[in-house]
Number of protein chains: 2
Amino acid sequence: MTLMDEKPRPKAATLQTIADALGVHRSTVARALNAEERHRITPDVVKRVTEEAERQGYRRDIIAASLRTGKSRLVGVIVPDLANPVFSTILDGVSAALTGRSYSMLVADAGVPLGKQAEIVDALVGRRVDGLILATAMRNDPTVSFCLGLKVPTVLVNRAEDTLRASSVVADDHRGMGLAIAHLAELGHRRIAHIGGPEAVSTGCLRRQGFQDAMVSAGLGATRIVSADSYARSAGASAARQIFACWPDTTAIAAGNDLLALGALEYMRERGIGCPGEVSLTGFNDMPFIDLVDPALTTIRVPQHEMGKAAADMLLGAIEGPGRPPELQRLPVTLVVRSSSCATASGPREDRREGLPSDLLLPRA
Amino acid sequence: MTLMDEKPRPKAATLQTIADALGVHRSTVARALNAEERHRITPDVVKRVTEEAERQGYRRDIIAASLRTGKSRLVGVIVPDLANPVFSTILDGVSAALTGRSYSMLVADAGVPLGKQAEIVDALVGRRVDGLILATAMRNDPTVSFCLGLKVPTVLVNRAEDTLRASSVVADDHRGMGLAIAHLAELGHRRIAHIGGPEAVSTGCLRRQGFQDAMVSAGLGATRIVSADSYARSAGASAARQIFACWPDTTAIAAGNDLLALGALEYMRERGIGCPGEVSLTGFNDMPFIDLVDPALTTIRVPQHEMGKAAADMLLGAIEGPGRPPELQRLPVTLVVRSSSCATASGPREDRREGLPSDLLLPRA
DNA sequence: ATGTTGCGTGCAATCGATTGCACGAGCTTC
DNA sequence: GAAGCTCGTGCAATCGATTGCACGCAACAT
């Protein structure tokens, strides 16, 4: 028995081959195999078709079906950076929502420049995706206009636009930063600075506004703000440098996300500024493993997985029942207190070099 | 001017609509638009076709083309866990290799049970993917058999099978663990234990073998081995418990990956065992942000991004020039020394509670 | 002047599933 | 007993691009 005659099936099974084997028409086979249409066919025929399909190892050709119906059961997801755990967690949520609904996920990494966005959308739309999930949106995004113009159901996740042109699933960024500031204020901090994310994206803008609003309602001044131009560690470090240069008496920093906080932490470590001893620090996102840094970062937990799932659910809803108005879902966030924030020393320290001995604050450094 | 008459194009542009506008046959249009066939057409016609296509906003329907040609320019990628940074970094590499080659990436999360694998492959193959990248392979994997039986070009990444049935891109796991052991031995450690990954996957097995071989060539005993049944933090913690229960005089642990090391670290912290003061620890993978844990983990750097890229390149090679024998690419790894490993104290300590004061080892704990 | 070669296009089949319509048989109803 | 209905199935068009083959024309060789 050679390899060749193991499977005497020369070509793949199609509706036609099954129909031929049974002496019925291929449309009958199609109906028997389609749960929606099956009721129109005699049970006996259905049974024979099912068995023959099984025997031939038939698998429905989604490509051919897509061509005929115009639906691909494909969802495109565009993220700014696949290697960023925040976005891969969102992807995980999307995947979870799609699984079992016979939708598949086409993933595209927009890359750092974000310049090739239109090209990427083009490629996805060219594949006739039924819908798009964008995790890359800026506050007023031409890519969104493009998708909307194409009449492709589109859902934004994590970042939303200023105006609700497309359905969006976001975290409560404003309130989240409020929680962080309330926490720091409660610990006695008054001179709190903010490292903001890019103003061009909603998270950067809303968290900055949250900072300002919370500072004002706490009766504090909200002037110590440096906005980073990207959510990168290096940007966090240079923002921290700027903060300490302008306002050396700062006792706490609320960063716009965890990566910026990490950058600030690096800078502080480099400069020998103790955290939390001299300066408290908070992040935003509670990304995976951020609890393991030294010191463990106090941060705002954002339900990335749930956001991804909600976005996918919303998109599927829009695909299956079109014509609905855009909807905004704002998921709650929570404060996670860890070790990077603590109460201020009794009074204000004007010279931070007089803080606790750095070898106690930065052991093994 | 209402929205409606902005674009008087009722239906999408197709080859036929362009052909009609120009009074040529649609096959001529197809050839004029296809770089491979263009040379057979009069330059003037090509020009007119190109312009008309532009005017109508024509976009080739990949679905229809796929149906005719049987090629989808789609690659399926199956990962065990999207939320794990190791795999999302691999994905990033795959994406990088695919970008600009007009291939797209269908991502599927096999999920923890790994039971639905066949189902997932089915779904992807049903979409007529041109090839598959599996990051989920066990040492002898029925899913691989399934893919091979389907004659779908398949490349394994990160994990390989025992026999080279499918092309694979892996890291040099054996040598990597050798580097870790050599490092620990050089620091004076002699009673080194190993937390192994699952024996069912190549990384678990090869790193364990690497441990044994390196210990033997260093003239040390390679008996202190506990294999975890998964690459989870919790598994690392319970393996560590077992190690300290069986061999309390252990001075170093080489973990099968970073997550297992983190689990061990948690356990040690809980028990008040200082790292690296009392016990040195090494990980494997150098996953993102692992440098930020306390203490920063000494580990083996695995080029995940490059592995993903290499796997995608290899797959594209196999798709475009089929019939080649399977190929194994083993990427080099490097030792990254950080703070979780240090030289042993002068002599062996039988009772680890007599180590350095724990408040110095675990500040702010 | 006829035969040959080559080039640019047109023609039509093809990929495989879907679906509106029609047809015929069996059944009810007045 | 004829008209009308239901039900199961067949028929054929359709989705849009691709491609082997053939045809017609022009230039060149005989």
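The values are calculated or read from the model by the stated rules, or taken from the named source; none is laboratory data. It should be emphasised that the depicted structure is a prediction, and the values quoted were computed from it without experimental measurement. Please note: Cβ atoms are built from the backbone with ideal geometry, for glycine as well, and neighbour counts cover all protein chains shown. SASA here: full protein model, heavy atoms, side chains in, ligands and nucleic acids out. Shrake-Rupley method; radii C 1.70, N 1.55, O 1.52, S 1.80 Å.
Filter the stretch B:115-157 down to residues that are away from chain A (no Cβ under 11 Å) and out of contact with any Cys (no Cβ under 7 Å at 6 or more places or on another chain), then give me how many there are. Counting residues in the stretch B:115-157 that are away from chain A (no Cβ under 11 Å) and out of contact with any Cys (no Cβ under 7 Å at 6 or more places or on another chain) gives 25. Taking residues in the stretch A:50-71 that are more than 7 Å from chain B (Cβ to nearest Cβ) and without any contact (Cβ under 8 Å) to a residue 12 or more places away in the chain, and partners anywhere that are part of a helix (DSSP H, G or I) and near DNA strand C (Cβ under 6 Å from one of its atoms), not one pair has Cβ atoms closer than 7 Å while being at least 6 places apart or on different chains.
Any residue that is of a type in the set (V, I, T) and touching a Phe, Trp or Tyr at 6+ places or on another chain (Cβ under 7 Å) - is there at least one of those in the stretch B:195-207? No, the stretch B:195-207 has no match at all.
Scanning the stretch A:74-89 for residues that are modelled with pLDDT of 90 or more and either among the hydrophobic types (A, V, I, L, M, F, W, C) or in contact with a Leu (Cβ under 6 Å, 6 or more places away or on another chain) (or both) gives A:L74, A:V75, A:G76, A:V77, A:I78, A:V79, A:L82, A:V86, A:F87, A:S88.
For every residue, the table says whether it meets (1) away from every other protein chain (no Cβ under 12 Å); (2) touching a helix residue (DSSP H, G or I) at 6+ places or on another chain (Cβ under 7 Å); (3) closer than 25 Å to A:V169 by Cα.
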| residue | (1), (2), (3) |
| --- | --- |
| A:L265 | no, no, no |
| A:I290 | no, yes, yes |
| A:V293 | no, yes, no |
| A:H305 | no, yes, yes |
| A:V333 | yes, yes, yes |
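In this structure, does B:T14 turn out to be more than 30 Å from B:M287 (Cβ to Cβ), within 14 Å of another protein chain (Cβ to nearest Cβ), open to solvent by 80 Å² or more (accessible area, probe 1.4 Å) and hydroxyl-bearing (S, T, Y)? So B:T14 does not fit the description; no. Restricting attention to the stretch A:105-126, the residues that are modelled with pLDDT of 90 or more and over 16 Å from A:V155 (Cα atoms) add up to 1.
Taking the stretch B:208-219 as the range and being aliphatic (A, V, I, L, M) and in contact with a helix residue (DSSP H, G or I) (Cβ under 7 Å, 6 or more places away or on another chain) as the test, the residues that pass are B:A214, B:M215, B:A218.
If the condition is being in contact with a Ser or Thr (Cβ under 8 Å, 6 or more places away or on another chain) and either more than 21 Å from B:S238 (Cβ to Cβ) or more than 14 Å from chain A (Cβ to nearest Cβ) (or both), then the stretch B:268-277 contributes B:G272, B:P276. Note on the stretch A:18-28: residues that are under 27 Å from B:S72 (Cβ atoms) and within 8 Å of DNA strand D (Cβ to nearest atom) total 3.
Can you say whether B:R269 is assigned to a helix (DSSP H, G or I) and touching a helix residue (DSSP H, G or I) at 6+ places or on another chain (Cβ under 7 Å), as far as the supplied structure shows? So B:R269 does not fit the description; no.
I'd like to check something: does the stretch A:244-251 contain any residue that is away from chain B (no Cβ under 14 Å), β-branched (V, I, T), assigned to a loop (DSSP other than H, G, I, E, B) and open to solvent by 10 Å² or more (accessible area, probe 1.4 Å)? Yes. Tell me, which residue of the stretch B:268-315 that is basic (K, R) and free of Cβ contacts under 8 Å to residues at least 60 places away in the same chain is surrounded by the most Cβ atoms within 10 Å (Cβ to Cβ)? For the stretch B:268-315, the residue satisfying everything is B:R301.
Just wondering, is there one or more residues in the stretch A:316-327 that are surrounded by fewer than 21 Cβ atoms within 10 Å (Cβ to Cβ) and in contact with a Phe, Trp or Tyr (Cβ under 8 Å, 6 or more places away or on another chain)? The answer is yes; a qualifying residue exists.
Only a single item in (1) under 20 Å from B:N84 (Cα atoms); (2) more than 9 Å from chain B (Cβ to nearest Cβ); (3) surrounded by fewer than 22 Cβ atoms within 10 Å (Cβ to Cβ) is not met by A:A96, and it is number (2).
What number of residues within the stretch A:45-72 satisfy the criterion of being open to solvent by 70 Å² or more (accessible area, probe 1.4 Å) and either touching a Pro at 6+ places or on another chain (Cβ under 9 Å) or within 7 Å of DNA strand D (Cβ to nearest atom) (or both)? Residues flagged as open to solvent by 70 Å² or more (accessible area, probe 1.4 Å) and either touching a Pro at 6+ places or on another chain (Cβ under 9 Å) or within 7 Å of DNA strand D (Cβ to nearest atom) (or both) within the stretch A:45-72 amount to 2.
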